[in-house]
């Protein structure tokens, strides 16, 4: 997990890195897996894409918000629209982003750079990390020649594990972000806006941690998806 072996992997990534933006990000210290999760900073993030295939679809927006000292810091929140020559297509009916909205938007490079700057030294918090990481890794490979090396906590996996522990091998309830939030009596937010979903994920994470650990310490490694 994220300790000495992770430092070796990070150093290997750094030695192979040939791009200043990624190199600067990789110089940041990742938190140790032994650290109490409450002493770690997180960056909750979400993407809106034209579809679910990272090889053929593309990122349209990135939203993120930090969690510092177990508090969602809205002053650090950011929502970035991403321009694309390929257009939005039929995905507009899902997220409400239209071609006219991205005409003067940022290109992907400064958007990913802004994400990396905000992410440095933090754990990346996602809901359904497998999907978002496929797009982030493809973007980082295209821009920097390597995957995104980062510790990840996935609120969907955390909830899935909790439900399996509670229900055994039986069927579990929906793992959609809104449905997961409802089980903790969190308010119902509009979905499919990257920033709103990032804030929703941050709030869900804090509720999950409160339910699981209360005021007791717990090692960060218990929350992380292996990367």
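The values are calculated or read from the model by the stated rules, or taken from the named source; none is laboratory data. Note that the structure is a prediction, hence the values are computed from the model and not measured. Cβ coordinates were reconstructed from backbone atoms using ideal geometry, including for glycine residues, and neighbour counts include every protein chain displayed.
Looking at the range 82-95, is at least one residue modelled with pLDDT of 90 or more, part of a helix (DSSP H, G or I) and within 17 Å of residue 137 (Cα to Cα)? Looking through the range 82-95, none of the residues is modelled with pLDDT of 90 or more, part of a helix (DSSP H, G or I) and within 17 Å of residue 137 (Cα to Cα). Can you spot a residue in the range 39-59 that is surrounded by fewer than 17 Cβ atoms within 10 Å (Cβ to Cβ) and within 28 Å of residue 216 (Cα to Cα)? Yes, the range 39-59 contains a residue that is surrounded by fewer than 17 Cβ atoms within 10 Å (Cβ to Cβ) and within 28 Å of residue 216 (Cα to Cα). Against the test of being in contact with a helix residue (DSSP H, G or I) (Cβ under 6 Å, 6 or more places away or on another chain), modelled with pLDDT of 95 or more and assigned to a helix (DSSP H, G or I), the options 116, 43 yield a single qualifying residue, 116. So which residues in the range 214-227 are in contact (Cβ under 8 Å) with a residue 24 or more places away in the chain and surrounded by fewer than 18 Cβ atoms within 10 Å (Cβ to Cβ)? Listed by number, the residues that qualify are 217, 218, 219, 221, 222, 225, 226, 227. The residue that is surrounded by the most Cβ atoms within 10 Å (Cβ to Cβ), among those in the range 7-30 that are within 30 Å of residue 75 (Cβ to Cβ) and modelled with pLDDT under 90, is 30. Only one entry in 32, 61 is at negative phi and either outside any strand (DSSP E or B) or out of contact with any strand residue (DSSP E or B) (no Cβ under 6 Å at 6 or more places or on another chain) (or both), namely 32.
For the range 3-28, give me each residue that is part of a loop (DSSP other than H, G, I, E, B) and over 18 Å from the mean Cα position of the chain (by Cα). Passing the criteria: 3, 17, 18, 19, 27.
Could you tell me which of the residues 136, 163, 177, 125 is without any contact (Cβ under 8 Å) to a residue 60 or more places away in the chain, within 25 Å of residue 68 (Cβ to Cβ) and surrounded by 16 or more Cβ atoms within 10 Å (Cβ to Cβ)? Within the list 136, 163, 177, 125, the selection yields 177. Being modelled with pLDDT of 95 or more and surrounded by fewer than 19 Cβ atoms within 10 Å (Cβ to Cβ) is the filter here; which residues of the range 188-205 pass it? If the condition is that a residue be modelled with pLDDT of 95 or more and surrounded by fewer than 19 Cβ atoms within 10 Å (Cβ to Cβ), then 196 is the only one that fits.
Summed over the range 149-168, residues that are within 30 Å of residue 12 (Cα to Cα) and part of a loop (DSSP other than H, G, I, E, B) total 3.
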